[in-house]
1. If you take the beta carbon distance between Val26 and Glu88 as r and set R0 to 25 Å, what does 1/(1 + (r/R0)^6) give as a FRET efficiency, to the nearest 0.05?
2. Let me know the longest stretch in the chain that avoids all trypsin sites (Lys or Arg not before Pro) found in a DSSP loop with at most 16 other C-beta atoms within 10 Å.
3. If you put +1 on each Lys and Arg Cβ and -1 on each Asp and Glu Cβ, how big is the dipole of the chain around its Cα centre, in Debye rounded to 20?
4. GNM, the chain, Cα, under 10 Å: largest mean-square fluctuation among Ser30, Ser21, Ser70?
5. Which percent of the accessible area of the chain is formed by carbon and sulfur heavy atoms (probe 1.4 angstrom)?
6. Farthest toward the dipole's positive end in the stretch 20-115, which of Ser115, Gly42, Ile69, given Cβ charges of +1 (Lys, Arg) and -1 (Asp, Glu) about the Cα centre?
7. So which residue, out of Ala97, Ala40, Ala49, gets the largest mean-square fluctuation from a GNM of the chain using Cα contacts under 10 Å as springs?
8. Given axes a ≥ b ≥ c from the Cα gyration tensor, I'd like to know whether the chain is rounded (a/c under 1.5), prolate (a/b larger than b/c) or oblate.
Amino acid sequence: QVQLVESGGGLVQPGGSLRLSCAASVSIFSINAMGWYRQAPGKQRELVAAITSGGSTNYADDVKGRFTISRGNAKNSVYLQMNSLKPEDTAVYYCFADRFGVRYWGQGTQVTVSS
């Protein structure tokens, strides 16, 4: 079982920045990939960014160049630096971790981009 604890969401103006954090309850060495999905009201959950145990990254097209995913030094944490935020980035952001063929989810953190 993997527990994921997220933090860092909130309200920000368009053009602003936020940094999301996600800490896993197990060593990342047993995790194949971690990352973030988001779900806006009335829409399906979509992949935002992911990072593998080998350090490879993957981004949704509409966040490339604005968002950066990284791992912490302790390597059981993952971060999402979000810059140049737009109102359409407003959503609940969910951390995920893939371990031994099972996907685990965090509880979600709200990101609202509004003036």
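The values are calculated or read from the model by the stated rules, or taken from the named source; none is laboratory data. Only a predicted model underlies this, so the values are computations on that prediction, with no experimental measurement involved. Every residue, glycine among them, receives a Cβ derived from its backbone with ideal geometry; neighbour counts consider all protein chains shown. To get the accessible areas, we keep the full protein, side chains included, count just its heavy atoms, and leave off ligands, DNA and RNA. Shrake-Rupley method; radii C 1.70, N 1.55, O 1.52, S 1.80 Å.
1. On the way: r = 34 Å, r/R0 = 1.35.
Using R0 = 25 Å, I get an efficiency of 0.15.
2. Details: sites that count: Lys43, Arg45, Lys64, Arg66, Lys75.
Longest run free of exposed loop sites: 1-42.
3. Working: 11 positive and 7 negative charges, 34 e Å.
I would put it at about 160 debye.
4. Highest fluctuation among the options: Ser30.
5. 47 percent
6. Most positive-ward Cα: Ile69.
7. Greatest mean-square fluctuation among the candidates belongs to Ala40.
8. Numbers: a/c = 1.85, a/b = 1.68, b/c = 1.10.
Prolate, because a/c is 1.5 or more and a/b exceeds b/c.
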